Amino acid sequence: MSKIENPLLTETVGENFIDYNGHMTDSAYAVIFSKAVDQLMVEIGIDEGFREKTNYSIYTLETHLCYLQEAHEGQIVSVHLQLLDYDTKRLHVFFIMENDRGERLATSEQMLMGMNMSTGRPAPFPDEIKEKIIELHEAHIEMEVPKEAGRKIAIRRK
């Protein structure tokens, strides 16, 4: 399997996302990827009701965003998810933002942490959430790791 066919999230680039250069501002990419994290949480069972009942959520620990192409006002963008890895408390996820032609616009690699919101401390995924994470991982295990995954920021020297 090389690509997730169904997007996790679809958004239309609104006027408020456009900057002085005439394309989507860098912060808008981050907003859309943040919404994708929220949707991932819902998909694995951590919705508003679950958070209220269990006082459990997911926090973002680290994000690496790569801008590949411009997005413009009115354009429909979709975000696809690949779960790269997980453990008892963390998810290593990779999001790909595409335009309506399937061209990559941006990627966001993120480390997410399960949190006990009462204590503000990391906590293992509850069993029912862990089961959904395992299913997601099994669905993605045969996928190639995206070339942008694991990149570091550096100036290349000759």
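The values are calculated or read from the model by the stated rules, or taken from the named source; none is laboratory data. Since the model is a prediction, treat every value here as computed from it, not as a measurement. Positions of Cβ are backbone-derived with ideal geometry, glycine not excepted, and every protein chain shown enters the neighbour counts.
So that you can scan it fast, the table gives a plain yes or no per residue for (1) in contact with a helix residue (DSSP H, G or I) (Cβ under 9 Å, 6 or more places away or on another chain); (2) among the hydrophobic types (A, V, I, L, M, F, W, C); (3) on the phi > 0 side of the Ramachandran plot; (4) at pLDDT below 95:
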| site | (1), (2), (3), (4) |
| --- | --- |
| GLU109 | no, no, no, no |
| PRO124 | yes, no, no, no |
| ILE133 | no, yes, no, no |
| LYS147 | no, no, no, yes |
| LYS152 | no, no, no, yes |
| ILE155 | no, yes, no, yes |
- Only one of LEU65, LEU84, LEU105, LEU91 that is within 22 Å of ARG51 (Cβ to Cβ), out of contact with any Lys or Arg (no Cβ under 6 Å at 6 or more places or on another chain) and surrounded by 12 or more Cβ atoms within 10 Å (Cβ to Cβ): LEU91
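Condition check ((1) in contact with a Leu (Cβ under 6 Å, 6 or more places away or on another chain); (2) under 30 Å from TYR20 (Cβ atoms)) across all residues:
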residue: TYR59; (1), (2): no, no
residue: THR63; (1), (2): no, yes
residue: GLY102; (1), (2): no, yes
residue: ALA106; (1), (2): yes, yes
residue: ARG121; (1), (2): no, no
residue: PHE125; (1), (2): no, no
residue: LYS147; (1), (2): no, no
- Note on the structure: Restricted to region 108-124 and to residues being more than 21 Å from SER34 (Cβ to Cβ) and free of Cβ contacts under 8 Å to residues at least 40 places away in the same chain, the residue surrounded by the most Cβ atoms within 10 Å (Cβ to Cβ) is PRO124
- Message: Just to verify a result, which residue in region 54-93, among those that are among the acidic types (Asp, Glu) and outside any strand (DSSP E or B), is farthest from ARG121 (Cα to Cα)?
- Response: GLU73
- Residue pairs qualifying under the 6 Å Cβ cut-off, at least six apart or on distinct chains, with the first in region 4-15 being closer than 9 Å to VAL77 by Cβ and surrounded by fewer than 16 Cβ atoms within 10 Å (Cβ to Cβ) and the second being small (Gly, Ala, Ser) and modelled with pLDDT of 95 or more, are THR10/SER78
- Inside region 37-56, can you point out the residues that are among the polar types (S, T, N, Q) and under 23 Å from THR10 (Cα atoms)? GLN39
- Filter region 39-58 down to the residues that are within 16 Å of SER118 (Cα to Cα) and surrounded by 15 or more Cβ atoms within 10 Å (Cβ to Cβ), then identify the one that is nearest to the chain's Cα centre (by Cα). ILE58
- Message: Checking the structure you have, find out if any residue of region 24-34 is surrounded by fewer than 19 Cβ atoms within 10 Å (Cβ to Cβ), in contact with an Asp or Glu (Cβ under 6 Å, 6 or more places away or on another chain) and either among the polar types (S, T, N, Q) or at pLDDT below 95 (or both).
- Response: yes
